[in-house]
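Read the structure below first, then the notes.
The values are calculated or read from the model by the stated rules, or taken from the named source; none is laboratory data. If you're wondering where the values come from, they're calculated on a predicted model, not measured in any experiment. Protein only, heavy atoms only, side chains kept; ligands, DNA and RNA dropped before computing areas. Shrake-Rupley method; radii C 1.70, N 1.55, O 1.52, S 1.80 Å.
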Amino acid sequence: MPRISHNSLLLKVLTLSTLLFQAQELAESFANSVLPETTLLIELYAQFLQFCNSRNPAMACVVFEAFEEAFCQNTNIHAVVKDLKLTEPQARIV
């Protein structure tokens, strides 16, 4: 399971064993590119999703499913953005 730690945030994504090596490589590469102003877990997920999307579409699907499960299980993303009171820059990332 790849783990990404940034400030006090910890992102963990469960993945298939066939993607594990690729997932760990992506997580390590991504950890070096996280925006310093990232303060919320939802932002970290969104940034990692964008990072994976341009490098490994299969892993991007896994991260998207994890994002949905973590934040949008019973609602849509617009309600989540409103409930979390994200700033405009944060909302653009998410």
Per residue, the convex hull enclosing the alpha carbons of the range 1-47 has a volume in Å³ of 62 Å³
Averaged per residue, the 1.4 Å probe accessible area of the chain, protein heavy atoms only, in Å², is roughly 64 Å²
note: the chain, Cα-Cα separations exceeding 21 Å make up a percent value of 28 percent
A 1.4 Å probe over the protein heavy atoms gives the range 1-52 a carbon and sulfur accessible-area percentage of 55 percent
Once normalised by the length of the chain, the mean sequence separation of its alpha carbon contacts under 8 Å that are 6 or more apart gives a contact order in percent of 25 percent
Residue-normalised 222 nm signal for the chain, counting each DSSP H run of n ≥ 4 as -39,500 (n - 2.57), nearest 500 deg cm²/dmol, is -17000 deg cm²/dmol
